[in-house]
Amino acid sequence: MFLGDRGTPNKYATRRYNYDILIDNEKAILGKISKNLGFYNVIYTGKLNKIETVYDTDKNLLTGAGLIIRKINTKERTYFSLFRVSDVAQVSNREKKAFLGECEPKDEPSDFPVQIADAIKVAFNNLFAINVVDIVKHTSAYITTAISGNVYKIVSGTGYEAEMSFETWKIKDHRTGKKTTIRNFSLDFELNPAYQKEMEHILHIVDRYCKELVPLNRNRFEVAEVAVRPRVPSGDRVMLDADGNPIAPPQTDKKGKKGKKDKKKKENQGQ
């Protein structure tokens, strides 16, 4: 049953930054951040536990167009949401999010194509020329990410609040059956222009003092998709044998010539 929009929208948009964790020591990272923030408090607020499922067609018509339809399950609620990714370099500047509506845990977008398509059109002002209803009808679960971890609140002396979390992601690709687990650190900010300096200060402290955290220019879905479907760089050509297995390139010395042993072996074979 599609229950419609029963949520209360935030006054300001939010922005999320994801980081890979090279050295997984939550206590040490917290200590560095708390020590160097200055007049800020870091407060533990509880456990994170939710499941995000991204839906798409078998040819990835939605994610390929930058449209990500998700069903999010938490202990308190289940709802559909959408975000659109535009083609710009910085992930933090290329997302627009929309809340589509509350639903039951067993519901899928294909059960309510008209309602979801209408919500998408309202959220993005009829931006899309594609037949959204027909596409939503043919969606199925693509990638599911079960997210757990610890959540902390960063509170500045001016009253600004940001959220920080150390997360474990259990990712499943529904098409291939592949599963993997990764660790992720995240920062979530409310984009209130009155507190731009506070947000920049927090980002600066993490960047300067937490070298074990590597910023990822990807949203949560993109990180999960790459984890179960590694991308081969377009410039690297891979040769395959008759069975589809990769063929290793011939070994060469520093001058790009075949090694002396191989050359000598060929000379002996010719005698």
Practice task
Tell me which of these Ile21 doesn't satisfy, since it passes every other one: (1) in contact with a Lys or Arg (Cβ under 6 Å, 6 or more places away or on another chain); (2) free of Cβ contacts under 8 Å to residues at least 40 places away in the same chain; (3) more than 23 Å from Ile130 (Cα to Cα).
Solution key: (2)
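In this structure, does Asn73 turn out to be under 29 Å from Thr176 (Cβ atoms), modelled with pLDDT of 95 or more and not charged (D, E, K, R)? Full working, then the answer.
Working: under 29 Å from Thr176 (Cβ atoms): yes; modelled with pLDDT of 95 or more: yes; not charged (D, E, K, R): yes.
Yes, satisfied.
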Practice task
Could you please find all residues in the stretch 87-123 being charged (D, E, K, R), in a helix (DSSP H, G or I) and modelled with pLDDT of 90 or more?
Solution key: Asp111
Exercise for the section: Go through the stretch 24-79 and count every residue that is touching a strand residue (DSSP E or B) at 6+ places or on another chain (Cβ under 9 Å) and more than 27 Å from Glu161 (Cβ to Cβ). Expected result: 16
Handout entry: Members of the stretch 198-211 that are in contact with a helix residue (DSSP H, G or I) (Cβ under 7 Å, 6 or more places away or on another chain) and either open to solvent by 40 Å² or more (accessible area, probe 1.4 Å) or not β-branched (Val, Ile, Thr) (or both)
Key = Tyr209, Cys210
Practice task
Within the stretch 196-218, count every residue that is at pLDDT below 95 and of a type in the set (Ser, Thr, Tyr).
Solution key: 0
Practice task
Can you work out which of the residues in the stretch 124-139 that are at pLDDT 85 or above and part of a loop (DSSP other than H, G, I, E, B) is surrounded by the fewest Cβ atoms within 10 Å (Cβ to Cβ)?
Solution key: His138
Completion exercise
Of the residues in the stretch 151-197, those that are polar (S, T, N, Q) and either over 17 Å from the mean Cα position of the chain (by Cα) or open to solvent by 10 Å² or more (accessible area, probe 1.4 Å) (or both) come to Ser156, Thr158, Thr168, Thr176, Thr180, Thr181, Asn192, Gln196
Problem - Count of the stretch 17-33 residues which are surrounded by 15 or more Cβ atoms within 10 Å (Cβ to Cβ) and assigned to a helix (DSSP H, G or I) - result: 4
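The values are calculated or read from the model by the stated rules, or taken from the named source; none is laboratory data. Because the structure is predicted, anything quoted here is derived from the model rather than measured. Positions of Cβ are generated from backbone atoms using ideal geometry, with glycine treated the same way; all protein chains shown enter the neighbour counts. Calculation scope for accessible area: heavy atoms of the full protein, side chains included, ligands and nucleic acids excluded. Shrake-Rupley method; radii C 1.70, N 1.55, O 1.52, S 1.80 Å.
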